[in-house]
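Have a look at the structure below, then the notes.
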Amino acid sequence: MTGLKAKLAQAALAHVPFDGWSDVTLAAAARDIGIDLALAKVHMPRGGVDLALTAHLLGDEALRRKAALMDLTALRFRQRITELVMMRLEAAGDREVVRAASSLLALPHLAAEGAAAIWRTADLIWTLAGDSSTGFSHYSKRATLSAVYGSTVLYWLGDDSEGASETRGFLERRIASIMRFEQAKADLRKNPLTAPLRILSRAATPSQGQ
């Protein structure tokens, strides 16, 4: 991500509640940071779509920086995941900004990109939590957390409890479900009748396949 893209996305945040993730917002962001709109369009050719995706990446980077200042090792895995998801929601900022991005990236022609953005967030959260799984487990954990993260964002958007305490409770229940699922998979792998799962577990992760 270029520095100019980050600056444009950051400047756009103040305008999104009024104009959404749109070309109008891109023009306002370009004006705020003092560059020509033509140059802004070079970096954000799809206007609001590219702004929204860049802003999501900025949220991931904010989570990475904050997590680097914390010691999560004393927490159980489910607690680490919960804390990291809540930190990522905090990094997302204004709810109206997130609501607008969620609506935009849910459109049929953008749904794949929206799903990919959430997958990257789920991958980052598992990585920051210390997960080193490979193969089938690597993918299943991220797929499951992607679904949990997406549903938690939607819950959070409507949560007016103090400190988003109701969102935390919602998330903790779903994280508990993930952990039960992972334990069930571990038990299955020990069963001699589930050899196909062990074959899948040896599939390379993206980094291994390069």
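The values are calculated or read from the model by the stated rules, or taken from the named source; none is laboratory data. Not measured: the values here are computed from a predicted model. Every residue, glycine as well, gets a Cβ built from its backbone with ideal geometry; the counts of neighbours run over all protein chains shown. Keep in mind that these areas ignore ligands, DNA and RNA; they rest on the heavy atoms of the full protein, side chains included. Shrake-Rupley method; radii C 1.70, N 1.55, O 1.52, S 1.80 Å.
Calculate what fraction, in whole %, of the accessible area of region 43-136 sits on carbon and sulfur atoms when a 1.4 Å probe is rolled over the protein chains.
Values: 2620 of 4520 Å².
Here carbon and sulfur together make up 58 percent of the probe-accessible area.
For labels at Glu113 and Asp32 in the simple 7 Å Cα→Cβ model, what's the distance in nm?
Placing both labels 7 Å beyond Cα along the Cβ direction yields 2.0 nm.
Helix-only mean residue ellipticity at 222 nm, the chain, DSSP H runs n ≥ 4 weighted -39,500 (n - 2.57), per residue, nearest 500. What is it?
Result for the chain, helices only: -23500 deg cm²/dmol.
Below 26 Å Cα-Cα, how many Lys pairs turn up in the chain? Only count pairs eight or more apart in sequence, or on different chains, if you could.
Final tally of qualifying lysine pairs is 7.
Between Ser161 and Leu57, take the C-beta separation as r, use R0 = 41 Å, and let me know the FRET efficiency to the nearest 0.05.
The pair Ser161/Leu57 has a calculated efficiency of 0.90.
Just from the alpha-carbon atoms, what are the Rg and Dmax of the chain in angstroms?
19.1, 65
Given the whole protein assembly as supplied and a 1.4 Å probe, what does the accessible area of Arg174 come to in Å², nearest 10?
The accessible area of Arg174 comes to roughly 90 Å².
At a 10 angstrom cut-off on C-beta neighbours, averaged per residue, how do the peptides 96-105, 27-36 rank from highest to lowest?
In descending order of packing, they fall as 96-105, 27-36.
For region 40-60 and region 127-148, what is the separation of their C-alpha centers, rounded to whole Å?
Between the Cα centre of region 40-60 and that of region 127-148, the gap is 26 Å.
For Thr134 and Glu172, compute 0.36 nm times the residue count separating them, minus their Cα-Cα distance, and round to one decimal in nm.
Here the answer is 11.2 nm.
Can you give the accessible area per residue of region 60-175, in Å², using a 1.4 Å probe?
50
For a quick protection proxy, order the peptides 46-55, 160-169 by their average other-Cβ count within 10 Å, most packed first.
The peptides rank, most packed first, as 46-55, 160-169.
Length gain on complete extension for the stretch Met179 to Leu75, per 0.36 nm per residue less the alpha carbon to alpha carbon distance?
Extending this stretch completely gives an extra 36.0 nm.
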